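Down below is the structure, laid out as structure tokens.
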């Protein structure tokens with residue numbers, strides 16, 4: 001009997017579970033590739049923009065967060081005209097010549113960058129788009145490695161979930177719940193609560209106060225956890241809030257949203 005040898009079929013590829021797990025923990029695969037490439041230019045995303053220089057994030061902007069100019073001017077570190085002149089001329093030195101120390105500028109830029117990047121890196125329904133180009137005029141102030149930015153973004157997401165699991169208060173107009181036995185709140189939270197009027201959103205309140213928007217979200221979620229604020233109920237097709245939303249006890253409605261959010265986890 002003759003035995004004919006055959007070449008065994010090739011092995012099927014096996015996914016590297018470690019690598020896949022590491023990728024799953026990331027925030028933006030495109031941003032990671034740009035960091036590896038040491039790219040310079042602008043990454044446009046649905047909720048904001050990231051400026052890169054040599055693969056590091058050097059500036060960030062989002063319509064949901066006050067910009068660096070707001071943080072510098074609302075608290076008197078700089079007048080609005082000087083900021084506008086510096087921005088128009090792309091001249092970092094103009095800021096330093098008008099009373100902003102290099103340390104204060106670095107702290108303010110880092111705060112504004114991490115704040116806007118948190119929103120720019122939020123889950124998106126549209127793909128990002130990168131445009132190669134020159135570095136941003138503030139590129140030398142505080143470059144941030146992409147890995148550090150992603151870690152901080154994930155830490156902030158986890159912090160908000162721990163405080164209050166329902167994200168509805170992050171983007172909706174806010175209303176005061178005014179329970180019968182309202183707890184006392186710290187001054188910084190009280191300043192936020194005083195601006196809750198059924199129209200303002202978290203981003204509006206942050207801009208008025210000249211504070212980072214993420215810090216404002218933290219205060220708002222703590223106020224929501226205390227039963228003091230809730231999102232404005234969406235209008236019906238006729239433009240009026242649903243009758244049951246108006247008639248219901250705000251605190252009971254709040255508990256229902258918590259239950260629904262926990263069930264969705």
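The figures follow:
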{"read-out": "Residue 81-residue 30 pseudo-label distance in nm [points 7 Å out on the Cα-to-Cβ vector]", "value": "4.0 nm"}
{"read-out": "More than 18 Å apart - percent of Cα-Cα pairs taken over region 22-160", "value": "54 percent"}
{"read-out": "Rg and Dmax [Cα atoms of region 155-200; Å; Rg one decimal, Dmax integer]", "value": "12.1, 34"}
{"read-out": "Sorted peptide list for 194-206, 56-68, criterion being average Cβ within 10 angstrom, highest first", "value": "56-68, 194-206"}
{"read-out": "Highest to lowest packing among 225-231, 177-183, scored as the average C-beta count within 10 Å", "value": "225-231, 177-183"}
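Just so you know, all these numbers are worked out from the coordinates, no wet-lab data involved. Quick caveat: nothing in here was measured; it's all calculated off a predicted structure. Methodologically, a virtual Cβ is constructed for each residue, glycine included, from the backbone with ideal geometry; neighbour enumeration extends over all protein chains shown.
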